[in-house]
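Only one structure is covered here, and it is reproduced in the block below.
The values are calculated or read from the model by the stated rules, or taken from the named source; none is laboratory data. Nothing here was measured: the structure is a model prediction, and the numbers come from that model. Ideal geometry is used to build each Cβ from the backbone, glycine not excepted, and the neighbour counts take in all protein chains shown. What goes into the accessible areas is simple: the full protein's heavy atoms, side chains included, and nothing from ligands, DNA or RNA. Shrake-Rupley method; radii C 1.70, N 1.55, O 1.52, S 1.80 Å.
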Amino acid sequence: MMRVNLYLNTVNLLAVWGSMLLMPSIVFAVDIEETIWGFSNQQVKGKCVPLSLRLSNNTPEVFDETVQLNRLQYGGSKVGAPLYRKVYLPPYSSQWVQFYPYIIDGYQESWSLNWGTGGLEYRNIQRSGNTTAATGPLRVILTSDRGLLQKGARFKRYPEDLFPPFVTATDSLDEVILDHIPRWDLVRRTSFLNWVEQGGVLHLLPDSNGAPLKFTSVLSRLNAPFDHFRVGSGLVIRHSGKLNQLTDQVLNERIEAVRASEAESLGIDFTDSSPTGAYSASNESDLYRYGDFNSGILYQLSKLTYPQHNWAIIYIMALIYIFLIFPGCHLFQQRQKTMRYRNSLIFILSSVAVFSIIFWNVGKRGYGEKTTIDSLMVARPLSDNQLDLTCWMNCFVTEGDVYQFSAEGEGIIFTTAQAIEKVRGGIFNGNEGKFVSDIPPFSSRRLLYRVKAPYPDPRFSVIDYQLESVNDEIILSGLKLSTETPLPVGIEKRQLIFGKYVYDLIPSKGQESTELILGKNRELLSSWEKYLDSDLLDAGRIRTASSVEDKVYIYDSLYTHLILKEFDLLSEHKLQQYQGDQSSLKLFLYGEVPETLKVQSDVQGTQQGHILFAYDLALPVKKNTKHE
């Protein structure tokens, strides 16, 4: 009998072990084999970075579901809006899947990848806080090998087939080193070219045979037969040595030599124009008392349109309610001769019910507010009549519902740029990206998005300019800019920055003119230090707009903050140390948002906002331009 019991116990134990061995194939249907945050596990705060996950299907069944990436708070609660992505995995296969989460700060963050009914199945993803400790430009070597460079190497490797398919996901990348022709489709070739056009630095090495790299298709612009040349705002530098001969010091010295050569070709003595830490990978000086630059902009936009409650009535009703609870209830009870307890309960419940209805109606009621979308944009030109667009937006509604937001263009990336509130809805990024969100009545939803948008952008060219030396400083004494098409409608400000100075521009022949010349005003960029001390973007003491004049003031003030952000001069130290770039002009046009660039949404209301067009214009070389 004992042998039988022992046999049965052994069988039961083996059955339990067998079921445990089978559980991973059932519960853990999808595994995360590899995780790459940003470009080679480096990322910066205040930007959306590519998060590359290598997912594997460990079951004999096809995995064909929509997965979601969620930001987690302490305790595991979800915050923000989940990022959705359709994933198809054949049995026993794996593939790379890319999301574009927003990095808020340099601290450790917890995320989860969820799928299944109600998102009950999940994998946790950790982001280490030390991955934002970069102190210089974020440089990577694009390689066909999937693995990262071994520890101790000079530069990190990044798999070329993981390069984002749209430029809107490359904000955190500064420099790329290439020693071969990447095997890309047209989409990634275009994305890479757009990244260079937007200010990326590309280091080209000879191929394995020692010959210069020969690009094709849209990348043929990188074949210019020069040691260095400009592509848009970006810089391409050719190196004759081998990869193992490159160091950070070698690359930095070569970049400075190129900038010196550009300045000297204009007859200008070169001065290092880069403030310390002016790279995407640097730790941005957070001068705002809550959140980062983006949260400050979004908070300010939320105060342009907001519910105006009658607080006097609310306070009076609150005092009456408190009086009715005590001593009102006590006085009522004293006047009752019978059934005091029951009548007192009825009195309290009636008071609570009546005043709940009153507070609900008074609190939700609007006082002339209208459904409005307020936005602020920065547009940088790309080739083929495209704009690289960044938009901060706040949507205020008077009727609660589930609303959808999108934009015309490619590579749309949405984010709520916050880790406090859970958003009922979801984000779908990509060429058909959209943001779906529930917005209660008389409340607002803030969001930030990036998109490559089509727009017939005017192309500026420098017709003529004059430089003068004043007190050992080179200043711009004359300038004429021309464009083949009229300026965008609704432009209110026209300024350019050359060196350390800000210059006003005026149309040469009326507002419809296609030529701009220098105005009378010139001021040091460092004088804008007073705007850094402003409470404009302080979420704790935010300015509310109670009139049209307030809205005009707020949009005018945001203009200076956007320009300082363009130069990464958001601290007093950086602003005072900035020497300026004297080999090119930075042109800024600021005005109302064109209709074709406004967000697409089912929100029935008005849209208003301002846009900053930012142009990099190279100064043409003139003979005999040496300024003593």
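Some points to look at:
- Options Phe428, Phe435, Phe405, Phe414: the member that is open to solvent by 40 Å² or more (accessible area, probe 1.4 Å) and either out of contact with any Asp or Glu (no Cβ under 8 Å at 6 or more places or on another chain) or within 19 Å of Gln607 (Cα to Cα) (or both): Phe428
- Hey, Arg259 basic (Lys, Arg) and touching a residue at least 60 places away in the same chain (Cβ under 8 Å) or not: yes
- With a requirement of 1 or more residues that are more than 31 Å from the chain's Cα centre (by Cα), the strands (runs of 3 or more DSSP E) lying completely within region 436-495 that satisfy it span 460-470, 473-483.
- Only one of the listed residues (Val176, Val196) is buried (at least 20 other Cβ atoms within 10 Å of the Cβ) and in a helix (DSSP H, G or I). That residue is Val196.
- Condition met for Gly210 (touching a strand residue (DSSP E or B) at 6+ places or on another chain (Cβ under 6 Å), part of a loop (DSSP other than H, G, I, E, B) and not assigned by the TED database to the domain that holds Glu566): no
- Those residues of region 421-443 which are more than 24 Å from Val167 (Cβ to Cβ) and charged (D, E, K, R), in sequence order: Glu421, Lys422, Arg424, Asp438
- Just one of the numbered conditions (1) in a loop (DSSP other than H, G, I, E, B); (2) under 23 Å from Gln386 (Cβ atoms) is not true of Gln579: (2).
- Top-ranked residue of region 213-241 - restricted to ones that are of a type in the set (D, E, K, R) and in a loop (DSSP other than H, G, I, E, B), ranked as surrounded by the fewest Cβ atoms within 10 Å (Cβ to Cβ): Lys214
- Residue in region 191-201 that is of a type in the set (A, V, I, L, M, F, W, C) and touching a Gly at 6+ places or on another chain (Cβ under 7 Å) present: yes
Here is a yes/no grid of residues against (1) of a type outside the set (Ser, Thr, Tyr); (2) surrounded by fewer than 16 Cβ atoms within 10 Å (Cβ to Cβ):
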position: Gln73; (1), (2): yes, yes
position: Arg85; (1), (2): yes, no
position: Pro90; (1), (2): yes, yes
position: Tyr100; (1), (2): no, no
position: Ser110; (1), (2): no, yes
position: Asn114; (1), (2): yes, no
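- Matching option when the condition is closer than 18 Å to Gln98 by Cα and in contact with a Phe, Trp or Tyr (Cβ under 9 Å, 6 or more places away or on another chain), among Gly430, Gly425: Gly430
- When residues in region 476-529 are screened for being without any contact (Cβ under 8 Å) to a residue 40 or more places away in the chain and among the charged types (D, E, K, R), 7 of them pass.
- Contacts under 6 angstrom Cβ, first residue in region 229-247 being closer than 17 Å to Pro137 by Cβ, partner open to solvent by 100 Å² or more (accessible area, probe 1.4 Å), 6 or more apart: Thr247/Arg154
- Reported count of residues in region 577-596, each being open to solvent by 10 Å² or more (accessible area, probe 1.4 Å) and either free of Cβ contacts under 8 Å to residues at least 12 places away in the same chain or over 30 Å from Ala263 (Cα atoms) (or both), is 5.
- Selected residue (criterion: surrounded by the fewest Cβ atoms within 10 Å (Cβ to Cβ)) from residues of region 35-48 that are under 14 Å from Lys156 (Cβ atoms) and of a type in the set (A, V, I, L, M, F, W, C): Ile36
- Top-ranked residue of region 531-576 - restricted to ones that are among the charged types (D, E, K, R), at pLDDT 85 or above and assigned to a helix (DSSP H, G or I), ranked as least open to solvent (accessible area, probe 1.4 Å): Lys574
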